[in-house]
1. Can you tell me the 0 to 90 degree angle between the C-alpha axis of helix 8-23 and the longest principal axis of the chain, rounded to 10?
2. Quick check: the angle from helix 41-54's long axis to the longest principal axis of the chain, C-alpha only, nearest 10 degrees?
3. When the helices in the chain are scored as -39500 (n - 2.57) per DSSP H run of 4 or longer and the sum is shared across all residues, what 222 nm value do you end up with, to the nearest 500 deg cm²/dmol?
4. First obtain the Kirkwood hydrodynamic radius of region 1-42 from its Cα pairs, then insert it into the Stokes-Einstein equation at 37 °C and 0.692 mPa s, and state the resulting D in µm² per second as a whole number.
5. Specify the angular offset, from 0 to 90 degrees and rounded to the nearest 10, of the alpha carbon long axis of helix 66-85 from the longest principal axis of the alpha carbons in the chain.
6. Which whole number in µm²/s is D for the chain by Stokes-Einstein, with the Kirkwood Rh taken over Cα pairs at 4 °C and 1.567 mPa s?
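Taken together, the values in this text are just the output of simple stated rules run on the coordinates, not laboratory data. Being a predicted model, the structure only gives us computed values, none of them experimental.
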């Protein structure tokens with residue numbers, strides 16, 4: 001296993017991809033997430049582990065926790081809200 005640090009961009013990309021898959025009512029697994037993001041499976045496992053450690057994803061099920069779902073929804077709403085305020 002590598003000690004490479006997970007970037008914020010990687011974490012947000014995987015969080016968003018898992019949210020998209022859930023919204024489309026598609027099963028999510030590491031292979032599906034990797035294909036969707038254009039990443040290798042190892043990279044998905046690493047980032048998924050980081051999200052699991054933070055409590056926003058379930059590594060074993062390759063899906064968001066309730067906290068992760070709330071975060072993903074809030075992140076999607078933030079840009080829309082910011083543009084309305086401008």
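1. Value to nearest ten degrees: 80.
2. Once rounded, the angle reads 60 degrees.
3. Details: 4 runs with 58 residues, N = 86.
Here the helix-only value at 222 nm equals -22000 deg cm²/dmol.
4. The calculation lands on 300 µm²/s.
5. Between helix and principal axis, roughly 40 degrees.
6. Diffusion coefficient, whole number: 98 µm²/s.
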